[in-house]
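The values are calculated or read from the model by the stated rules, or taken from the named source; none is laboratory data. Treat the numbers as computed from the prediction; the structure is a model and nothing was measured. Reconstructed Cβ throughout: ideal geometry from the backbone, glycine too, with neighbour counts over all protein chains shown.
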Amino acid sequence: MAQGFDKLTLNDLEVRSRRVFVRVDFNVPLRDGVVSDDTRIVASLPTLRHLVEKGARVVLASHLGRPKGVDPSQSLRPAALCLAARIGKPVAFASDCIGPVPLAAVAALADGEILLLENLRFHPEEEKNDDDFARALASLADIYVNDAFGSAHRAHASTEGITRHLPRCAAGLLMEKELAYLGNAVEAPMRPFVAILGGSKISGKIDVIRNLLQKVDRLLIGGAMMFTFLRARDHATGRSLVEEDRIPLAKSLLDGDGAEKIVLPIDTRVARSVDGSDAGMMTSIHAIPPDRFGVDIGTESIRRFVQEIERARTVLWNGPMGIFEVPAYAEGTLAVARALAAATSNGATTIIGGGDSAAAANLAGVVSAVSHVSTGGGASLEFLEGKTLPGVAALHARR
Ligand code: ADP
Ligand code: MG
């Protein structure tokens with residue numbers, strides 16, 4: 001059973017006229033004091049609309065960036081404006097997240113009204129999971145809802161500590177959806193189940209590879225991490241990004257249990273530099289020139305990967321196939337993204353995790369054509385490693 005399904009959810013709560021503290025993930029990029037990408041705010045709308053419609057008094061809290069103490073450039077105020085525009089009603093803002101300012105602001109809320117608190121991380125106690133700070137946050141509300149999947153892998157005061165001080169602690173709709181998609185994919189996938197892993201480093205994803213190898217039918221490897229695997233197979237990789245100290249580990253994966261499930265690229269695009277000034281050329285993995293960088297998977301590999309994705313009934317993708325930020329090196333990544341979209345329309349469940357992969361999906365225009373794009377980079381990776389997420393574990397069980 002997927003993590004989270006035995007937890008309280010919004011439907012278990014009686015929220016009318018109650019103060020509901022909702023931990024959201026409004027860790028959005030700002031440019032000139034304006035939210036420049038509101039994907040995460042939009043992702044929270046189903047939960048917020050539900051609570052507003054049910055007449056809750058909604059108190060929102062989030063972190064933004066990594067401020068050292070109070071830092072006006074990392075204020076959440078722009079997020080309040082952005083949310084107000086998206087949800088179509090005013091969003092009040094409290095210039096602090098604990099103490100008399102938010103207490104007064106919460107007391108002024110009528111049923112169905114929304115208040116956003118200032119950046120939780122203006123207080124170092126948030127990340128320390130300080131119990132007094134958690135209690136101060138809890139004093140603003142009657143009920144707790146966690147909809148910040150992207151922060152659930154951290155045991156902080158607003159994701160973990162606070163759940164000790166409120167009687168009902170439930171998962172929001174986004175949290176539930178993330179856990180349902182990722183959990184079902186890993187624990188009860190329709191088969192064939194194909195995972196595609198890429199991105200820059202094998203080191204950050206070793207435990208994901210290990211865990212997924214036990215679950216999938218095929219594991220396709222692209223991105224820079226392919227070159228560490230190729231070195232483990234004694235291929236020359238030119239100037240491609242290789243984690244020398246991880247070559248033995250790649251070797252042990254290629255020789256260990258489930259190794260027959262691993263599909264490595266058979267060709268690659270190589271270029272003289274990585275900045276796009278050289279569009280590069282295709283080469284077999286047996287003939288990578290010593291002075292070139294591997295920047296993308298090659299044509300034949302794309303064909304093979306797309307075939308595997310077409311056959312799959314569950315597809316999980318994390319990590320771009322190449323340096324997709326450079327248009328000349330984006331072919332493999334875009335092809336994988338489109339293959340996921342095509343598989344979805346043929347009935348497969350398709351899931352994209354990872355911040356850069358989500359950006360690539362956006363670039364390919366497939367965000368609404370796949371089953372689910374996870375909003376939680378680090379959290380989705382830890383989930384796929386098979387770890388328990390403290391922010392999920394802390395939610396209260398349904399009785
Ligand atoms: P995600 O955020 O989806 O988990 P990662 O952060 O692991 O993905 O990796 C994304 C980065 O990997 C991108 O910036 C991309 O340019 C880089 N990358 C992919 N392939 C290569 C390659 N062959 N050489 C160098 N960098 C690569
Ligand atoms: Mg990334």
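Could you please give the count of residues in region 149-170 that are out of contact with any helix residue (DSSP H, G or I) (no Cβ under 7 Å at 6 or more places or on another chain) and either of a type outside the set (Lys, Arg) or surrounded by 24 or more Cβ atoms within 10 Å (Cβ to Cβ) (or both)?
Summing the residues that are out of contact with any helix residue (DSSP H, G or I) (no Cβ under 7 Å at 6 or more places or on another chain) and either of a type outside the set (Lys, Arg) or surrounded by 24 or more Cβ atoms within 10 Å (Cβ to Cβ) (or both) in region 149-170 gives 2.
Looking at region 12-29 only, could you name the residues that are crowded, with 18+ Cβ neighbours inside 10 Å and within 27 Å of residue 355 (Cβ to Cβ)?
Answer for region 12-29, where residues must be crowded, with 18+ Cβ neighbours inside 10 Å and within 27 Å of residue 355 (Cβ to Cβ): 21, 22, 23, 24, 25, 26, 27, 28.
Identify, by number, the condition in (1) of a type outside the set (Phe, Trp, Tyr); (2) more than 16 Å from ligand 2 (Cβ to nearest atom); (3) surrounded by 24 or more Cβ atoms within 10 Å (Cβ to Cβ); (4) under 24 Å from residue 97 (Cβ atoms) that residue 131 doesn't meet.
Just one mismatch for residue 131, condition (3).
Based on what the data block shows, is residue 71 under 27 Å from the mean Cα position of the chain (by Cα) and farther than 26 Å from residue 173 by Cα?
Numbers: under 27 Å from the mean Cα position of the chain (by Cα): yes; farther than 26 Å from residue 173 by Cα: yes.
Against the criterion (under 27 Å from the mean Cα position of the chain (by Cα) and farther than 26 Å from residue 173 by Cα), residue 71 qualifies.
Take region 352-370 and flag every residue that is within 16 Å of ligand 2 (Cβ to nearest atom) and of a type in the set (Val, Ile, Thr).
The one that is within 16 Å of ligand 2 (Cβ to nearest atom) and of a type in the set (Val, Ile, Thr): 352.
Please verify whether region 82-93 includes one or more residues that are under 23 Å from residue 50 (Cα atoms), of a type in the set (Gly, Ala, Ser) and touching a residue at least 40 places away in the same chain (Cβ under 8 Å). Even if it seems obvious, please write down each step before you answer.
Going residue by residue through region 82-93, those that are under 23 Å from residue 50 (Cα atoms) are 82-93.
Next, from what is left, pick out any that are of a type in the set (Gly, Ala, Ser): 84-85, 88, 92.
Pick out the ones that are also touching a residue at least 40 places away in the same chain (Cβ under 8 Å) and you get none.
No, that holds for no residue.
If you go through region 339-360, how many residues are surrounded by fewer than 24 Cβ atoms within 10 Å (Cβ to Cβ) and either within 13 Å of ligand 1 (Cβ to nearest atom) or assigned to a strand (DSSP E or B) (or both)?
Qualifying residue count for the region: 5.
Which condition number does residue 175 fail, the rest of (1) in a loop (DSSP other than H, G, I, E, B); (2) modelled with pLDDT of 95 or more; (3) closer than 19 Å to residue 382 by Cα; (4) within 19 Å of the chain's Cα centre (by Cα) being met?
(1)
From the set of residues in region 368-396 that are away from ligand 1 (no atom under 14 Å from the Cβ) and assigned to a helix (DSSP H, G or I), which is nearest to residue 338 (Cα to Cα)?
Step by step, filter region 368-396, then rank; the result is 369.
Report whether or not residue 323 is within 16 Å of ligand 2 (Cβ to nearest atom), within 27 Å of the chain's Cα centre (by Cα) and β-branched (Val, Ile, Thr).
yes
What number of residues within region 352-399 satisfy the criterion of being touching a strand residue (DSSP E or B) at 6+ places or on another chain (Cβ under 6 Å), among the aliphatic types (A, V, I, L, M) and within 21 Å of residue 323 (Cα to Cα)?
5
Quick test for you: out of 207, 142, pick the one residue that is modelled with pLDDT of 95 or more and of a type outside the set (S, T, N, Q).
Selected residue: 142, the only one of 207, 142 that is modelled with pLDDT of 95 or more and of a type outside the set (S, T, N, Q).
If you check 164, 154, which single one turns out to be over 19 Å from the mean Cα position of the chain (by Cα) and modelled with pLDDT of 95 or more? It would help to see each step written out before you state the result.
Details: 154 fails: over 19 Å from the mean Cα position of the chain (by Cα).
Result: 164 is the single residue among 164, 154 that is over 19 Å from the mean Cα position of the chain (by Cα) and modelled with pLDDT of 95 or more.
State whether the residues of region 138-148 include one that is under 30 Å from residue 220 (Cα atoms) and buried (at least 22 other Cβ atoms within 10 Å of the Cβ).
yes
Among the residues of region 341-378 satisfying the criterion of being within 23 Å of residue 201 (Cα to Cα) and either among the charged types (D, E, K, R) or touching a Lys or Arg at 6+ places or on another chain (Cβ under 8 Å) (or both), which is modelled with the highest pLDDT?
Among them, the one singled out is 364.
Looking at residue 205, is it within 19 Å of the chain's Cα centre (by Cα) and of a type in the set (Lys, Arg)?
Numbers: within 19 Å of the chain's Cα centre (by Cα): yes; of a type in the set (Lys, Arg): yes.
So residue 205 passes the test.
Specify the residue that is farthest from residue 136 (Cα to Cα); the eligible residues are those in region 76-91 that are over 25 Å from the mean Cα position of the chain (by Cα) and surrounded by fewer than 19 Cβ atoms within 10 Å (Cβ to Cβ).
Checking each candidate, the answer is 88.
Please give the helices (runs of 4 or more DSSP H) falling wholly within region 193-299 in which 1 or more residues are of a type in the set (Lys, Arg) and within 15 Å of ligand 1 (Cβ to nearest atom).
Passing ranges, in order: 225-232.
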